[in-house]
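Here is the structure we will look at.
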Amino acid sequence: MKQQSFGLPMLFLVGGGLFLGGYYFGLKEEGREVESTRTAEITDRPGDFARTIDPIDPSLQSPTQSVELEEAKRITEKGESLADLLYRAQAESSPIVRYASFAKALANLNENNLDEVLETFETMPFGFEHMQEYRMLLYAWGQFNPIGAIEYCKQRASGMGAGFATAGVLEGWASQDPLQAKEWVGNPENAGLDKIYNFGLVRGWASRDLQGASDYVFSLEGGKEVEKLVGILTQEINKQGFATATNWAESLTENKYKESAFSSLSKRHSRDNPEKMARWLESHAEEGYAVKAMDDLGRRWSETDPEAAIDYFADLPAGKSQEMGIKSVVGNWAKEDPLAAGEWLNNRESGPELDSALSVYASTVSRKDGAAAMEWAISISDEKLQESTMRKVGQEWYRQDKDGVEVWLPESGLSEGMQKVIRNPPKKNWWQSISER
């Protein structure tokens with residue numbers, strides 16, 4: 001019999017931006033890949049750090065924000081030198097005033113005032129805390145003197161950090177002269193980092209010449225980075241409207257690129273327009289290229305309406321899309337209302353297609369009630385998934401109730417090795433602790 005568990009609402013936090021920001025300036029950790037699992041969607045878009053800040057529409061701002069925007073306008077109309085303006089902007093506590101002032105100043109960057117602007121940037125570390133300011137600088141500089149900007153990146157950083165900064169220069173360069181930027185990326189001297197450079201190149205190129213950028217991307221040898229470049233193209237095409245973007249995604253002939261395009265659109269629309277995304281994806285539900293998009297849809301839709309989301313996926317044909325969608329919905333639903341999610345699972349027939357959902361439910365519930373979670377883990381039919389879930393749930397339970405687990409383990413039927421692992425749960429790091437709240 002499956003058990004039900006009580007829980008409290010969880011706080012959802014987004015950390016992908018922090019991860020990419022650290023990598024952008026070379027603050028990488030050994031062995032970590034340059035991508036995000038969630039949340040913040042920039043992890044899927046390594047070249048995105050170089051995009052300039054869009055103008056802020058005053059009609060969409062609160063009264064306080066409107067006052068701040070007026071202050072930014074006042075600052076930029078004083079007739080100050082760019083250096084004075086940038087020094088003043090650095091002292092601003094309001095991010096609205098600060099970034100509006102930087103955007104205003106750097107929109108006028110040219111060879112004549114470059115030196116005084118760079119002098120002000122020397123006072124700001126080339127690190128995450130000033131990522132937005134450097135994004136604007138490198139994009140603007142790349143539009144008129146990209147080689148100089150690239151040399152600057154190499155002077156301020158090294159290795160991967162300089163590579164991602166250079167990709168920001170390339171976005172600005174390609175927005176003006178994509179063919180020259182492409183030629184530079186293709187230079188044999190850039191082999192090794194060219195895959196990183198392509199993110200900036202394609203983003204800038206697509207903003208100017210979408211067809212040319214598309215032709216370039218599809219001429220590249222396939223790989224994970226090319227799939228991500230297809231995601232960048234999809235984001236640009238999406239600006240022409242949902243219908244245009246979906247038609248383009250459907251027209252792709254290679255399933256790995258189709259998968260990237262579908263996933264990109266799902267990430268873009270599933271939270272705010274889940275019903276529209278669901279209607280489009282439904283006719284593709286039995287196709288492998290739609291699985292990631294369905295997973296995205298389930299995670300985002302369940303944040304606002306898990307009941308509607310679970311009903312949608314329950315009605316889909318049995319298969320991987322249904323399995324992953326249900327898993328994603330249950331994962332979020334269990335954080336907010338574990339009783340309702342548990343009741344839904346209890347009313348479904350157990351089997352391999354439900355194992356993923358049972359696993360994520362057990363893992364989530366274990367943070368509040370390890371004993372009940374273990375009952376759910378035991379009900380998983382796939383042996384390997386059951387073992388890994390029981391290990392995770394058992395370790396969480398051990399942290400909460402060591403004595404209770406010690407009573408249960410001898411009668412559990414688990415191997416001595418598994419029992420030893422459960423008795424030695426790893427210490428959680430800071431991010432794991434706050435992400436589970």
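Between the alpha-carbon centres of segment 217-276 and segment 378-395 there is a gap of 35 Å. For the residue pairs LYS182/LYS239; LYS104/LYS258; LYS182/LYS228; LYS104/LYS154; LYS154/LYS428, the C-alpha atoms sit more than 28 angstrom apart in LYS104/LYS258; LYS154/LYS428. Using only the C-alpha atoms, the convex hull of segment 349-437 corresponds to 98 Å³ per residue. Panel order for VAL226, VAL330, VAL185, by other beta carbons found within 10 Å of each beta carbon, from fewest to most: VAL226, VAL185, VAL330. The modelled label-to-label distance for the pair ARG423/ASP209, using points 7 Å beyond Cα in the direction of Cβ, is 6.8 nm. Projecting label points 7 angstrom from Cα along Cα→Cβ for LEU118 and GLU383 puts them 6.5 nm apart. Spread over its residues, the convex hull of the C-alpha atoms of segment 212-370 is 116 Å³ per residue. Computed from phi, the 3J(HN,Hα) profile of segment 273-286 under the Karplus parametrisation 6.51, -1.76, 1.60 (θ = phi - 60°) reads 9, x, 5, 5, 5, 5, 4, 5, 6, 4, 6, 10, 4, 8 Hz, with x in place of Gly and Pro. Given their separation in residues at 0.36 nm each and the Cα-Cα distance between them, GLU336 and GLN180 gain 51.0 nm when the chain is fully extended. Projecting label points 7 angstrom from Cα along Cα→Cβ for GLU307 and SER158 puts them 6.0 nm apart.
Using a cutoff of 8 angstrom between alpha carbon atoms and counting only pairs six or more residues apart, the relative contact order for segment 337-431 works out to 23 percent. Here segment 165-191 is scanned for amide nitrogen atoms under 19 Å from the site 7 Å beyond the Cα of PHE144 along Cα-to-Cβ, giving 169-178, 181. Applying both filters, DSSP loop and at most 14 other Cβ atoms within 10 Å, to the GluC sites (Glu not before Pro) of segment 228-260 gives GLU254.
Read-outs throughout are calculated quantities, based only on the coordinates presented, and are distinct from any laboratory measurement. Remember, it's a predicted structure, so these values are computed and weren't measured experimentally. Methodologically, a virtual Cβ is constructed for each residue, glycine included, from the backbone with ideal geometry; neighbour enumeration extends over all protein chains shown.
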